[in-house]
Amino acid sequence: MAAELTREYVNRRECEAPAHVLFPQLRQIVDRYLRERVRPLPPAETIDVFCSPYYGWVIEHLRDAIKPDISQGEAPIVPIYEARRGPGSTGEVDFWTSREVREVVKSHIN
């Protein structure tokens, strides 16, 4: 888990820390999370968290919860806005879908 999280953080543009610095910190976070937050119900065991879908859920949870320590001078993560881009539309969506097209009167997308 720590290796997966390290890869994700290192691949971010705003990440300035090298992997060999991040990994030990993330390893401690993962170990603590598994020790303090994971409570398997018998017959399950803690190691079962490394199976799907639990593994993905824990990775998502930790990724969303880990933030820079602003008190230690780490830069906060700020969103990147495309200020020069006009309003979007579904015409810019670039993927295929297998669903058939249906006419609608009202839609949360309209």
Check your understanding: Say we look at the stretch 32-52 and pick out the residues that are surrounded by 11 or more Cβ atoms within 10 Å (Cβ to Cβ) and in a loop (DSSP other than H, G, I, E, B); which of these is farthest from the chain's Cα centre (by Cα)?
Key -> Ala44
Exercise for review: Within the stretch 37-56, track down each residue that is charged (D, E, K, R) and in contact with a helix residue (DSSP H, G or I) (Cβ under 8 Å, 6 or more places away or on another chain).
Suggested key: Asp48
Practice item. Pick out the one residue from Arg13, Arg7 that is within 16 Å of Pro68 (Cβ to Cβ), surrounded by fewer than 15 Cβ atoms within 10 Å (Cβ to Cβ) and under 17 Å from the mean Cα position of the chain (by Cα). Key: Arg13
Check your understanding: Say we look at the stretch 53-73 and pick out the residues that are among the β-branched types (Val, Ile, Thr) and not in a loop (DSSP other than H, G, I, E, B); which of these is surrounded by the most Cβ atoms within 10 Å (Cβ to Cβ)?
Key -> Val58
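Read the figures in this text as sums done on the coordinates, not as results from a lab. Since the model is a prediction, treat every value here as computed from it, not as a measurement. Reconstructed Cβ throughout: ideal geometry from the backbone, glycine too, with neighbour counts over all protein chains shown.
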